Amino acid sequence: MLAAVVEKFGEPYTMKQIPRPSPPEGHDILIKVLAASYCHTDSVFAAGDLSQELPRIGCHEFAGEVVAIGPDVAGNRGIATGVRVGVPGRAYRPCGACYECTHPGQDEMGYSPYCPHAGNLGLTRDGGFQEYCLVDSRQVAPLPEGLSATQAAPLMCAGLTIWAALHHDKVQSASRVGIIGAGGGLGHLGVQFAAHLGKEVIAIDANDQSLGILQRIKQGLGYVGSRVHIADARSTETDDIRAVGQDSRGAPSTEIGLDAVILLPESQRAFDMGMKILRNHGVMVVVSFPKDKLAVSAHDLVFRDISVVGSLVGRNHQLREMLDFVTQHEISAEVKTFPFDQLNQLVIQSHQGLGGKLVIDMTV
Ligand SMILES: [Zn+2]
Ligand SMILES: [Zn+2]
């Protein structure tokens with residue numbers, strides 16, 4: 001079968017024939033990959049910045065059809081041969097015994113995306129850029145009928161990550177939420193989620209391509225589109241962004257601002273802007289992870305009671321909830337598809353910053 005392999009950091013994928021994976025054992029299932037989406041983390045990995053071992057088959061957000069199941073796969077989770085599933089790369093074969101695995105929240109006992117001993121498909125184990133892939137039945141969710149594999153794949157990292165950020169304990173009750181980097185892969189899904197969740201969304205970006213995507217998203221949202229306020233960070237003062245969609249006449253400046261800001265770009269400048277547009281008691285959710293530290297003003301934490309939290313890709317129950325929500329509200333990613341043998345062209349276009357999500361369609 002055909003696979004795209006990172007053999008050397010800083011070089012294109014090597015497209016080569018390799019043997020099909022062995023039959024699934026334990027909780028594993030074998031899937032025929034139908035669509036595989038390219039994520040920024042794939043480029044970070046391929047550049048060598050995550051210090052992982054090579055060779056490795058990339059891709060940690062994909063979708064496929066189950067063709068074989070292991071002996072320990074639970075019968076009550078909708079996983080069977082012939083079923084289409086979405087696969088987030090996190091937590092392949094967690095240990096089942098650590099604190100995380102034994103405190104899984106609403107997920108299956110023994111399974112946690114935070115298990116430090118679990119593998120990550122596309123990073124520490126082979127991922128979705130191959131025709132067949134072994135995955136853990138506990139990391140996947142069945143796809144709703146009507147949701148195509150090419151639409152489902154980008155939801156598995158980008159979608160689930162921003163869904164989890166919007167459902168962070170400190171964000172759930174926020175009514176005014178800013179998304180910095182809103183026109184990118186995560187952001188353009190987050191804007192749709194947040195608007196349908198009933199929030200006022202201040203969608204902030206700083207390049208024409210992304211702002212164009214945001215205009216299309218806003219129009220496509222119908223009546224909930226009125227909850228989306230687009231701000232061009234290049235030309236809008238932070239004071240104006242703080243007050244977007246809010247009647248700020250006569251209000252003290254400490255009462256103006258957003259309840260929550262989700263930070264997607266890897267930049268201190270974006271972080272600093274996010275802190276400025278939060279109101280007192282607001283929360284900054286850091287989703288990006290720049291190589292260097294982010295500097296936080298203790299003054300903001302102490303005198304303004306701002307919280308800074310991080311958010312990782314979501315849990316399995318959140319994955320299932322997100323898929324239901326996407327179907328119910330007809331949310332879609334801006335997707336451009338490529339045939340598998342053009343993966344390296346996809347990567348070049350990704351580096352040109354096309355916006356939206358670039359996805360391999362394995363069925364063409
Ligand atoms: Zn990702
Ligand atoms: Zn564990």
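The values are calculated or read from the model by the stated rules, or taken from the named source; none is laboratory data. This one's a predicted model, so the numbers in the text were calculated from it and none came from an experiment. Positions of Cβ are generated from backbone atoms using ideal geometry, with glycine treated the same way; all protein chains shown enter the neighbour counts.
Worth a mention:
- Residue selection: Asp49 satisfies the criterion of being outside any strand (DSSP E or B), within 16 Å of ligand 1 (Cβ to nearest atom) and charged (D, E, K, R).
- Of all the numbered requirements in (1) within 16 Å of ligand 1 (Cβ to nearest atom); (2) assigned to a loop (DSSP other than H, G, I, E, B); (3) among the aromatic types (Phe, Trp, Tyr), Phe9 misses one, and that requirement is (1).
- The residue pairs whose first member lies in segment 134-160 and is away from ligand 1 (no atom under 16 Å from the Cβ), whose second member is basic (Lys, Arg) and in a helix (DSSP H, G or I), and whose beta carbons are closer than 8 Å, counting only pairs six or more residues apart or on different chains, are Ala141/Arg320.
- The single condition among (1) more than 30 Å from Glu7 (Cα to Cα); (2) away from ligand 1 (no atom under 15 Å from the Cβ) that Ala164 does not satisfy is (2).
- Qualifying residue in segment 97-106 (condition: farther than 24 Å from Gly310 by Cα, at pLDDT 95 or above, within 16 Å of ligand 2 (Cβ to nearest atom) and surrounded by fewer than 19 Cβ atoms within 10 Å (Cβ to Cβ)): yes
- Any hit, segment 209-230, residues being under 22 Å from Leu160 (Cα atoms) and of a type in the set (Ser, Thr, Tyr): yes
- Residue check, Pro113 closer than 22 Å to Gly190 by Cβ and at pLDDT 95 or above: no
- Matching helices (runs of 4 or more DSSP H) fully within segment 283-364 where at least 2 residues are crowded, with 16+ Cβ neighbours inside 10 Å: 316-329, 343-351
- Only helices (runs of 4 or more DSSP H) whose full extent lies in segment 157-267 are considered here, and the ones with at least 3 residues that are touching a Leu at 6+ places or on another chain (Cβ under 9 Å) are 158-166, 185-196.
- Every residue from segment 52-85 that is in a loop (DSSP other than H, G, I, E, B) and within 16 Å of ligand 1 (Cβ to nearest atom): Gln52, Gly58, Cys59, His60
- Only one entry in Leu214, Leu186 is within 16 Å of ligand 1 (Cβ to nearest atom) and in contact with a strand residue (DSSP E or B) (Cβ under 9 Å, 6 or more places away or on another chain), namely Leu186.
- One residue stands out in segment 86-124 among those that are assigned to a strand (DSSP E or B) and in contact (Cβ under 8 Å) with a residue 60 or more places away in the chain: the one that is nearest to ligand 1 (Cβ to nearest atom), namely Pro88.
- His167 being more than 12 Å from ligand 2 (Cβ to nearest atom) and either surrounded by 24 or more Cβ atoms within 10 Å (Cβ to Cβ) or at pLDDT 95 or above (or both): yes
- Taken over segment 95-138, residues that are β-branched (Val, Ile, Thr), farther than 19 Å from Ala35 by Cα and touching an Asp or Glu at 6+ places or on another chain (Cβ under 9 Å) amount to 1.
- Qualifying residue in segment 29-44 (condition: in contact (Cβ under 8 Å) with a residue 12 or more places away in the chain, exposed (fewer than 15 other Cβ atoms within 10 Å of the Cβ), more than 25 Å from Ala74 (Cα to Cα) and small (Gly, Ala, Ser)): yes
- In segment 333-356, the qualifying residues are those that are among the small types (Gly, Ala, Ser) and modelled with pLDDT under 95, and the one that is farthest from Pro154 (Cα to Cα) is Gly353.
Quick grid of which residues meet (1) in contact (Cβ under 8 Å) with a residue 24 or more places away in the chain; (2) among the β-branched types (Val, Ile, Thr):
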| position | (1), (2) |
| --- | --- |
| Lys276 | yes, no |
| Lys293 | no, no |
| Val309 | yes, yes |
| Phe325 | yes, no |
| Gly355 | yes, no |
| Asp361 | yes, no |
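- Scanning segment 109-136 for residues that are at positive phi and within 16 Å of ligand 2 (Cβ to nearest atom) yields a single hit, Gly110.
- Scanning segment 73-95 for residues that are surrounded by fewer than 24 Cβ atoms within 10 Å (Cβ to Cβ) and away from ligand 2 (no atom under 16 Å from the Cβ) gives Val73, Ala74, Gly75, Asn76, Arg77, Gly78, Ile79, Ala80, Thr81, Gly82, Val83, Arg84.
- Some residue of segment 302-324 being acidic (Asp, Glu) and under 29 Å from Asp49 (Cβ atoms): no
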